């Protein structure tokens, strides 16, 4: 695929086939992700490849959190859905006391996740980048062995072979472009 095709066809995947992509493909994607632009070469990203045991603990934590907020039936539904997701990564940003640097580093991590997504899409692997309540929960930080005083979670990345790929449309450039004199 050309870069244009990759950018235009990559979508967030909500339904994955059960087979998990090989770790070597994920490591290659992380290798490409780290080439994202980052101010002063801070390389603020950290990637946590989540294994089956940690995944199950996260699934249970999310089911508990959803169950407390929306009831046990909703928690059980989330448990079932999340248990079927084949691959999991967490991406964090190292914290900075400088608010501008923190913002720049967060943006760099977002670029890195896009690089990851495009590389994986080229390999036929889709992702969903989630930023739900769970990534702000202290117990989640404990499960992935991250100290929230040092790093913040940018997202939980699910990956796998797409069961279905949604179609999406964008506004015409004329609707989002402002020409200045």
Give the stretch 76-105 a look and list any residue that's free of Cβ contacts under 8 Å to residues at least 60 places away in the same chain and assigned to a helix (DSSP H, G or I), or say none.
76, 77, 78, 79, 80, 81, 82, 83, 99, 100, 102, 103
Looking at the stretch 118-141, which of its residues are buried (at least 18 other Cβ atoms within 10 Å of the Cβ) and in contact with a strand residue (DSSP E or B) (Cβ under 9 Å, 6 or more places away or on another chain)?
120, 121, 125, 126, 127, 128, 129, 134, 135, 140, 141
If a residue must be more than 18 Å from residue 56 (Cα to Cα) and under 11 Å from the mean Cα position of the chain (by Cα), how many such residues does the stretch 132-177 contain?
2
Select from the stretch 36-56 the residues that are assigned to a loop (DSSP other than H, G, I, E, B) and either under 25 Å from residue 145 (Cα atoms) or modelled with pLDDT under 95 (or both) and list them in ascending order.
36, 38, 42, 43, 44, 51
Have a look at 136, 170 and point out the one that is over 18 Å from residue 20 (Cα atoms) and at pLDDT below 95.
170
Taking the stretch 115-135 on its own, how many of its residues are part of a helix (DSSP H, G or I) and over 23 Å from residue 65 (Cα atoms)?
8
Could you identify the single residue in 66, 59 that is without any contact (Cβ under 8 Å) to a residue 24 or more places away in the chain, surrounded by 13 or more Cβ atoms within 10 Å (Cβ to Cβ), in contact with a helix residue (DSSP H, G or I) (Cβ under 7 Å, 6 or more places away or on another chain) and assigned to a helix (DSSP H, G or I)?
66
By residue number, the members of the stretch 145-154 that are surrounded by fewer than 19 Cβ atoms within 10 Å (Cβ to Cβ) and in contact with a helix residue (DSSP H, G or I) (Cβ under 7 Å, 6 or more places away or on another chain) are 148
Looking for something more than 20 Å from residue 113 (Cα to Cα), touching a residue at least 24 places away in the same chain (Cβ under 8 Å) and surrounded by 15 or more Cβ atoms within 10 Å (Cβ to Cβ) - is there at least one such residue anywhere in the stretch 23-46?
no
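The values are calculated or read from the model by the stated rules, or taken from the named source; none is laboratory data. Note that this is a predicted model, so its numbers are computed, not measured. Here the Cβ is made from the backbone with ideal geometry for all residues, glycine too, and neighbour counts use every protein chain on show.
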